[in-house]
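The values are calculated or read from the model by the stated rules, or taken from the named source; none is laboratory data. Please read these numbers as outputs of a predicted model, since none were measured by experiment. Glycine gets a Cβ as well: all are built from the backbone with ideal geometry, and neighbour counts include every protein chain shown.
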Amino acid sequence: MYNEKITEMFTQAIHDEFTSAIIYFKMGYAIRGLTATKVADEIIGHAKEEFDHAGQVIEYCANHGIDADLEYSIDEERINNSPTDVEGVIKETQNLETGAIELYNKIAQFAEDNRDYETREFATDLMIIEQGHFDDVALFTNQTRGFLNGISAMPIDRDSSNDKDAMIVAIPS
């Protein structure tokens, strides 16, 4: 029972980390041109860290005889429906981090209940890292809230741009 459940939870963690990384890359690059370079860079940095977390979980499973399912299928609907506006990106980032925190907490608690203290420590360490990501985004959000509230997106005059999808960001005076 324990091996099946811990395998299921680690498989979910791997898949969630990969999905989050892809969503973070998509969102980060989508907002980079909206004068949100600092937010975009933060989100893209999180993407790279989420891929690293997936690798850490895969390595842990391989080293501890946990046969996690590595057959990953992309959750296209979730990825395609991820936001591309700055405020939506920040909210989605916080939602993804909250999901990771909750899953690693669940793994840590399950491992502790089954006296697997090494797995508990591993999951707790990842949970703390994910909490740090959440806190980084919350702090960044608080620092930029005034700036974000003053931004409005306006289409560029087509005659002055070769990029049909380009946007200009106007900051009200």
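Within this structure, I79 fails the test of being modelled with pLDDT of 95 or more, surrounded by 13 or more Cβ atoms within 10 Å (Cβ to Cβ), in contact with a helix residue (DSSP H, G or I) (Cβ under 6 Å, 6 or more places away or on another chain) and of a type in the set (V, I, T).
I need every pair where a residue in segment 44-57 that is closer than 11 Å to I14 by Cβ has its Cβ under 8 Å from the Cβ of a residue that is small (G, A, S) and not in a helix (DSSP H, G or I), sequence separation at least 6 or different chains. From residues that are closer than 11 Å to I14 by Cβ, the pairs are V57/A68.
Going by the conditions given, is D159 surrounded by fewer than 18 Cβ atoms within 10 Å (Cβ to Cβ), modelled with pLDDT of 85 or more, over 23 Å from T19 (Cα atoms) and over 22 Å from the mean Cα position of the chain (by Cα)? No, not satisfied. Based on what the data block shows, is F25 part of a helix (DSSP H, G or I), aromatic (F, W, Y) and free of Cβ contacts under 8 Å to residues at least 24 places away in the same chain? In short, yes. The sole residue among F51, F122 that is touching an Asp or Glu at 6+ places or on another chain (Cβ under 8 Å) and in a helix (DSSP H, G or I) is F51. The set of residues in segment 8-38 that are hydroxyl-bearing (S, T, Y), touching a helix residue (DSSP H, G or I) at 6+ places or on another chain (Cβ under 8 Å) and farther than 25 Å from L126 by Cβ contains only Y29.
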